[in-house]
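A quick write-up on the structure given underneath.
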Amino acid sequence: MPASATSLGRFRILKTLGRGAQGEVFLAEDTRLKRQVAIKTLQVSGRTNQERAALVKALLEESTIVSQLAHPNIVPLFDAGEDHGVPYLVFEYVEGCTLQAQIRDMGPLPPARAVDLTIQVLKAMGYAHQKGIVHRDLKPANLMMQGDVMRVMDFGVAQLVSKELDDDEAFAGTPAYMAPEYIDRKIYTTRSDLFSVGMVLYEMLTGTPAIVGQNVFETLHRMVNDPIAPPSEANPVVDERVDDLVLRSLAKAPEDRYATAADMENALYVYLNPEEARGPLSTLDGQQGTLEFLLRRMRHRSDFPALTSTIGAINRAATSNSEPLTGLASCILKDFALTNKLLKLVNTVYYRQFGSNISTVSRAVMVLGYDNTRKIALTLMLFEHLQNKAQAAHLRDEILSSYFAGVLGRLLAPKVDLTDPEEGFISSLLHSLGKLLTAFYFHDEYVEVQKLMLSKGYDENRASHDVMGVTYEDLAVAVAKHWNFPERLVDSLRRLPSGAIKTPESEVDTLRTIADACTEVCAALRNTNPQTRDSALVKIAKRFGGVLNMPEEDLPGHIKEAYTALNADASLLNFQPSNSPFHLALRSYIKGTAPAEEKGGGAKVGEFVEDATLRALGPAHLAGIMPSWSSTDSLGRHNALSAGIQDITSSLAGEFELNDILRMILETMYRSIGFTRVILCVRDSSANHLRARFGFGEGIDRIIKHGFNVPLNAAKDVFNAALSNGSDIHIDNVNGERIRDHIPGWYRASIPTAQSFVLFPVRVAQRPVALFYGDSDTLGALRIEQGELSLLKTLRNQAILAIRQRG
């Protein structure tokens with residue numbers, strides 16, 4: 001590449017990231033999409049024009065296939081091209097360090113960490129192999145580390161597994177990691193990639209490559225002919241089990257290696273988790289070792305990382321320095337089911353004391369407060385995750401019991417003047433988090449704990465410690481920390497010591513006291529013997545009553561009130577309490593009967609729908625909270641728009657923040673019409689344009705970060721027409737013959753996928769001050785009827801009213 005070159009195609013070079021035998025790597029800016037990328041050039045010096053043309057053609061053909069790879073452990077290929085006579089590949093730019101740099105700077109990795117990172121590489125390779133693609137150049141320099149996540153880079157020299165190699169074709173890859181059959185016979189299969197993975201694992205364990213020659217030819221010769229010594233010879237910390245795993249992956253003959261990436265991954269997983277193959281958890285040494293094992297085992301379940309990622313996104317929104325409310329609303333709105341449940345829950349009788357009907361997440365945040373909305377969303381998401389599987393009845397029973405504890409905690413919180421009663425709900429509900437996670441992820445251990453409690457009368461903590469080496473409490477605290485829950489909430493998960501209850505010295509102590517009391521009430525209610533059950537409840541009331549300002553005679557009333565609330569919430573949240581042992585016991589206590597006296601085999605789901613609390617709310621109102629809609633569901637869209645307008649009107653009648661109102665308007669548009677994304681642009685007083693303030697939908701963070709700025713100038717485009725004339729505009733096809741020349745270039749670069757959009761300008765005193773934008777990536781999807789258009793205009797007019805009221 002010419003030294004004077006400052007760009008490759010549309011990519012502006014910012015700096016050099018590295019150089020190698022095959023080419024150079026640059027940090028560059030995509031001038032069209034306004035994002036940073038990594039560009040790798042391929043070495044073509046010494047080739048004829050014909051050879052170079054053939055290389056570029058092959059490169060473009062292969063990159064078309066490789067660009068389809070989408071996996072969390074793979075750095076995606078964005079583009080490929082040629083400029084200055086140099087072929088290049090464009091990848092996502094990933095901040096972090098390569099495994100090569102990690103080993104160079106830190107030396108060998110601990111065996112468990114090396115194996116764990118290798119498992120991630122194998123997940124990526126297994127995915128690629130299933131797509132029919134082999135990498136051909138796996139090495140530490142092509143593995144990027146982002147914290148604990150390993151990502152495979154540079155699929156640029158990859159090829160289809162089915163492709164036959166030409167004997168005259170130049171070698172592709174790095175000699176120190178090439179499989180013997182590729183060097184000797186020009187054969188490359190998925191097992192050749194696994195050989196390279198084994199070489200990488202060897203280097204992580206020892207700090208040096210397995211084969212080193214004085215030159216390329218010696219390295220290639222030794223790779224084919226020399227045996228590879230066990231990694232333990234270079235690093236005594238490595239045990240013989242790891243030696244066996246590594247040497248099998250480095251067998252000279254492909255048929256002697258692991259058959260697939262999944263086979264090798266499973267073998268490494270068993271090494272990390274020997275208890276699953278050898279015996280109970282009690283064989284592990286020490287509490288910390290057991291906790292690490294349990295967390296690692298959960299991470300290897302595909303659903304736990306996904307849950308962690310979503311919880312992490314919601315918690316990160318809390319610490320955002322810019323527009324945290326928008327970030328929280330965006331996280332919730334991405335999950336239709338979560339949004340639905342949240343809005344239904346905050347419209348129950350309990351929450352309606354805070355105000356009128358709530359139809360937007362933004363309004364829920366305004367009414368309940370940011371932290372409360374976040375906590376409720378996290379709780380609902382966790383419960384949805386645990387119950388939205390084909391789970392055994394015992395897990396559904398534990399979920400119902402935990403939720404009842406939360407509802408009871410919310411009722412007890414005001415009696416001790418807790419600043420935030422919702423904390424009583426969250427802390428009491430999550431007090432059983434360790435038990436819930438054990439029931440979901442470690443079924444056998446959960447059953448053993450239950451047996452031990454029944455046979456020897458142990459409490460949960462003692463029984464769980466005897467079975468797992470850690471208590472339910474230990475597991476709950478460890479996972480809550482892993483999820484970055486607030487320290488205050490984590491501390492409230494710890495159980496109180498037995499004996500007399502001391503007066504709480506802090507609100508965290510108060511939360512622990514409430515949660516402990518509610519958990520013990522649930523345990524007592526499970527008792528099927530009315531006499532022992534009632535005496536246990538009296539004992540709990542005497543133990544906690546003085547501290548919680550709860551006379552002994554008040555506890556039955558609180559339980560009955562919590563039971564009523566549980567019934568309503570169970571219907572709204574799709575809990576299935578029918579025939580739940582806990583619910584049957586609770587119901588028998590409320591009715592003053594023993595479970596055997598119940599008729600009809602237990603509670604029916606229909607009973608919950610007919611509950612008095614729910615009847616007071618009204619089924620018609622519930623149907624309008626979050627209507628199901630589609631592109632043809634005009635009634636649903638109309639109802640959702642009307643509900644949002646009513647919500648905003650209620651907010652305008654009291655004290656309000658302008659940004660809150662604007663968010664509610666934007667969210668109502670987004671949820672009601674089904675836009676791919678919506679954006680609010682506000683006039684920038686320091687520049688002659690409208691700047692994107694916040695939005696919802698696909699890729700919105702990137703769009704706002706890189707600047708969605710609408711110029712206020714005399715350009716003859718649709719945006720200027722809308723803003724200068726105050727005209728509402730609907731573009732059905734941005735590439736239509738009559739309109740495409742009026743779509744500005746800055747817009748196409750910012751949102752290249754949009755096929756249609758609408759513009760609702762906001763003008764005050766004949767000046768454009770804001771713009772509501774909504775689009776769809778599907779051609780022809782924005783079919784807005786006249787009635788819906790009128791309601792959208794009403795939303796825009798509410799924005800004008802709010803702006804005028806706030807000056």
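The values are calculated or read from the model by the stated rules, or taken from the named source; none is laboratory data. Because the structure is a prediction, the values reported are computed rather than measured. No Cβ is skipped: glycine too gets one built from the backbone with ideal geometry, and neighbour counts run over all protein chains shown. SASA here: full protein model, heavy atoms, side chains in, ligands and nucleic acids out. Shrake-Rupley method; radii C 1.70, N 1.55, O 1.52, S 1.80 Å.
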Computed accessible area, Cys97, all protein chains, 1.4 angstrom probe, square angstrom
50 Å²
How large is the accessible surface of Lys415 in square angstrom, using a 1.4 angstrom probe and rounding to the nearest 10?
70 Å²
Amide proton proximity set for Asp79, modelled H, under 5 Å, gap of 5+
Val90
Got a sec? What order do Lys793, Lys375, Lys560 fall in by accessible area at 1.4 Å, biggest, i.e. largest, first?
Lys560, Lys793, Lys375
Calculate, for Lys57 and Asn733, the FRET efficiency according to 1/(1 + (r/R0)^6) with r their C-beta to C-beta distance and R0 30 Å; round to the nearest 0.05.
0.30
May I ask you to evaluate 6.51 cos²θ - 1.76 cosθ + 1.60, the Karplus curve with θ = phi - 60°, for each residue of region 439-456 and list the ³J(HN,Hα) values in order in whole Hz, giving x for glycine and proline?
4, 7, 9, 10, 4, 4, 5, 4, 4, 5, 4, 4, 4, 5, 5, 6, 7, 10
Need one word for region 665-778: rounded, prolate or oblate. Basis is the Cα gyration tensor (sqrt eigenvalues a ≥ b ≥ c); a/c below 1.5 gives rounded, then a/b vs b/c decides.
rounded
Among the listed pairs Lys502/Lys542; Lys40/Lys139; Lys15/Lys139; Lys415/Lys591; Lys435/Lys591, give every one whose C-alpha distance is greater than 18 Å.
Lys15/Lys139; Lys415/Lys591; Lys435/Lys591
Counting only residues 5 or more apart in sequence or on a different chain, those whose built amide H sits under 5 Å from that of Val764 are Val769
What is the distance in Å between the Cα centres of region 684-716 and region 455-490?
48 Å
What distance in nm separates the simple spin-label points at His71 and Lys793, each placed 7 Å from Cα in the Cβ direction?
5.4 nm
Net charge dipole size for region 509-567 [Lys, Arg +1 and Asp, Glu -1 on Cβ; Debye, nearest 20]
200 debye
In whole Hz, what ³J(HN,Hα) sequence does region 500-514 give by Karplus (6.51, -1.76, 1.60; θ = phi - 60°), x for Gly and Pro?
5, 8, 7, 4, x, 9, 8, 5, 5, 4, 5, 4, 4, 5, 4
Based on the Cβ-Cβ distance of Arg767 and His742, what FRET efficiency does E = 1/(1 + (r/R0)^6) give at R0 = 30 Å, to the nearest 0.05?
0.85
Karplus (6.51, -1.76, 1.60) ³J(HN,Hα), θ = phi - 60°, over region 145-150, in Hz, Gly and Pro reported as x
9, 10, x, 9, 9, 9
So if we plug the beta-carbon distance of Glu655 and Asp420 into 1/(1 + (r/R0)^6) with R0 = 25 Å, what FRET efficiency do we get, rounded to 0.05?
0.80
